[in-house]
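These notes are about the structure you will find just below.
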Amino acid sequence: MDVIGAVFILIGSLFLFLAALGLIRMPDLYNRMQAGTKATTLGSLLVFVGFIFLMPENWPKIVILALFVLLTNPISSHALARAARNRKIPTELGENKKPTPMPELEGGDDL
């Protein structure tokens with residue numbers, strides 16, 4: 001059971017790391033919010049599942065924490081996105097711009 005719990009915690013930690021990386025790499029507020037919310041929700045839930053395997057006597061408390069995260073992360077992200085839209089915070093591209101191709105993919109058949 002300890003190995004299963006450790007694997008869940010490791011995978012959850014990987015998702016939390018990817019969420020932090022997404023906050024750095026994404027170009028605008030809306031993309032950062034989406035990357036952070038989805039990955040942190042999944043990462044946190046996987047860490048909680050890992051803790052349930054490691055400490056089965058505390059499962060009711062961990063389930064309550066998991067439900068709290070599952071309910072509050074999407075709601076807070078929605079509220080922040082709606083407030084940003086109401087304040088007219090633009091996306092990186094703006095309204096009438098087209099996305100530019102990625103420089104590393106312009107070369108053609110280099111892959």
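Nothing in this text is a laboratory measurement; each read-out follows from the coordinates by a stated rule. Small disclaimer: the values here were computed from a predicted structure and weren't measured. Cβ placement follows ideal geometry from the backbone for every residue including glycine, while neighbour counts extend to all protein chains displayed.
Details
- Residues in region 19-41 that are of a type in the set (A, V, I, L, M) and crowded, with 18+ Cβ neighbours inside 10 Å: 4 in all.
- Residues (among the β-branched types (Val, Ile, Thr) and more than 19 Å from Phe68 (Cα to Cα)) located in region 1-48: Val3, Ile4, Val7, Ile11, Ile24
- Residue in region 69-80 that is buried (at least 16 other Cβ atoms within 10 Å of the Cβ) and more than 13 Å from the chain's Cα centre (by Cα) present: no
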